[in-house]
Amino acid sequence: MKGSETAAVGVDVAKATLSVFLRAPDGTGEALSLRNTEADASRLAGRLAGFTGRVVMESTGHYHWTAALALSAAGLDVRVVNPLLAKKYTSGSVRMVKTDPAVAAALARMAHVADDLPPRFAMDAERLNLRKKLTSAASARTQLQALRASLRHLAEARGTIHAPLSPAEAAIARSADALEAAVAAMEAEFAEAAAPSADPAAVAALDSIPGVTRLAALVALHWFSPSGGPKSWVAYAGLDVSSRESGTWRGRCRLTKRGNPDLRRRLYSAAWGAAMSDAGFRSYYDRLKEEGSPHVEALTIIARKIVRLMHLAATTGARYDAALAGFPG
């Protein structure tokens with residue numbers, strides 16, 4: 001099938017292979033099996049000469065980068081979708097077939113008919129490298145927290161039975177210190193590399209918000225979509241609340257937590273920092289506690305406020321003002 005005869009394309013990405021489905025306007029199509037290499041991705045781009053529809057592929061860690069970069073560089077409209085969104089289409093078949101060609105065909109259908117796709121893929125290799133550096137640092141920090149907790153429990157147990165610190169335990173403690181230093185260095189590398197491409201006025205405006213550090217400002221500008229509204233920013237951070245209602249029944253609402261976990265962690269830190277260092281935020285935190293909000297819920301509410309202030313700062317360049325935050329002067 002020629003590119004000009006194709007209505008939509010679905011690409012199921014694996015570590016070593018690409019399963020591609022070229023969908024015709026009537027729903028029929030052609031399945032292709034390619035290697036997940038720059039050469040095969042470039043050949044696919046050539047095969048799609050004249051194609052003006054959309055190419056949909058799932059976000060699969062870094063395995064989709066090769067195809068997404070090659071097809072995007074060829075001028076194709078590539079959409080990288082969250083697996084949760086893709087599942088809505090891939091699980092819609094009555095037969096419940098789960099093979100790479102079937103998934104590629106479902107993604108092609110998604111590319112053809114869906115009206116809720118994310119924006120066009122517009123990343124380059126440098127930005128993808130920064131993104132991977134951030135996620136790797138976040139993963140290492142999570143492991144570091146678990147290691148620190150294990151060391152604390154070990155120290156408590158040792159104190160209870162009056163046991164001495166062993167050489168192996170001391171070595172683990174030193175490795176935790178080294179890991180913490182390495183994570184901090186990785187985050188500093190991200191900040192140094194991300195700063196030149198970030199709008200200095202936007203960084204300064206976000207940095208002016210209580211609790212928000214320069215690193216947090218750069219991370220937020222990296223992850224949040226400039227075209228998104230404040231509600232989409234809140235949702236991307238996983239700070240939006242799910243609604244569970246049916247008729248007169250009202251279920252308990254919970255945070256979706258479907259957004260970026262590292263970004264959410266940094267926003268919680270910013271919320272606690274703001275509550276501890278700024279009079280307006282401290283008063284707001286105390287009022288939330290008096291109204292019955294537990295500590296984490298109060299921080300979540302403050303984090304959402306900080307996200308909205310970030311959006312205002314990023315889109316208008318306005319520096320923090322207590323009145324804009326709704327706090328009395």
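The values are calculated or read from the model by the stated rules, or taken from the named source; none is laboratory data. No experiment lies behind these values; they were computed from the predicted model shown. FYI the Cβ positions are ideal-geometry reconstructions off the backbone, even for glycines, and counts take in every protein chain you see. We work out accessible area using only protein heavy atoms, side chains counted, and drop any ligands, DNA or RNA first. Shrake-Rupley method; radii C 1.70, N 1.55, O 1.52, S 1.80 Å.
General observations
- With both labels modelled 7 Å from their Cα along Cα-to-Cβ, the THR52 to GLU5 distance reads 1.9 nm.
- Remark: accessible surface ordering of ASP26, ASP262, ASP286 (largest first) is ASP26, ASP286, ASP262, probe radius 1.4 Å.
- Full extension of the chain between GLU156 and SER293 yields a length gain of 46.1 nm, computed as 0.36 nm times the residue separation minus the alpha carbon distance.
- Accessible surface of the chain [probe 1.4 Å, protein heavy atoms]: carbon and sulfur percent: 55 percent
- Near LYS133, once Lys and Arg are set to +1 and Asp and Glu to -1 for all other residues with Cβ below 13 Å from its Cβ, the sum equals -1.
- Taking every DSSP bridge with both residues inside the range 2-121, close to 60 percent are antiparallel.
- Summing +1 for each Lys or Arg and -1 for each Asp or Glu among the other residues whose beta-carbon sits under 10 angstrom from that of VAL78 gives +2.
- The residues of the chain expose on average 53 square angstrom of accessible surface per residue, using a 1.4 Å probe on protein heavy atoms.
- Using equal-weight Cα scatterers in the Debye expression, the normalised intensity of the chain in log10 at q = 0.14 Å⁻¹ is -1.17.
- Computed over the range 156-282, the range of Cα coordinates on each principal axis works out to 60, 50, 30 Å, biggest value leading.
- Counting only DSSP beta bridges with both residues in the chain, the antiparallel share comes to about 65 percent.
- For the chain, the Cβ-based charge dipole about the Cα centre amounts to some 740 debye (Lys, Arg positive; Asp, Glu negative; other atoms uncharged).
- Take ILE161: with every protein chain present and a 1.4 Å probe, its accessible area is about 120 Å².
- Toward the positive end of the charge dipole of the chain, with +1 on the Cβ of Lys and Arg and -1 on the Cβ of Asp and Glu, the farthest Cα among LEU218, PRO328, ALA188 is that of PRO328.
- For the residue pairs LYS15/LYS231; LYS132/LYS305; LYS15/LYS88; LYS257/LYS289; LYS88/LYS133, the C-alpha atoms sit more than 25 angstrom apart in LYS15/LYS231; LYS132/LYS305; LYS88/LYS133.
- Point-to-point label distance, SER225-ASP286, nm (Cα→Cβ direction, 7 Å offset): 4.1 nm
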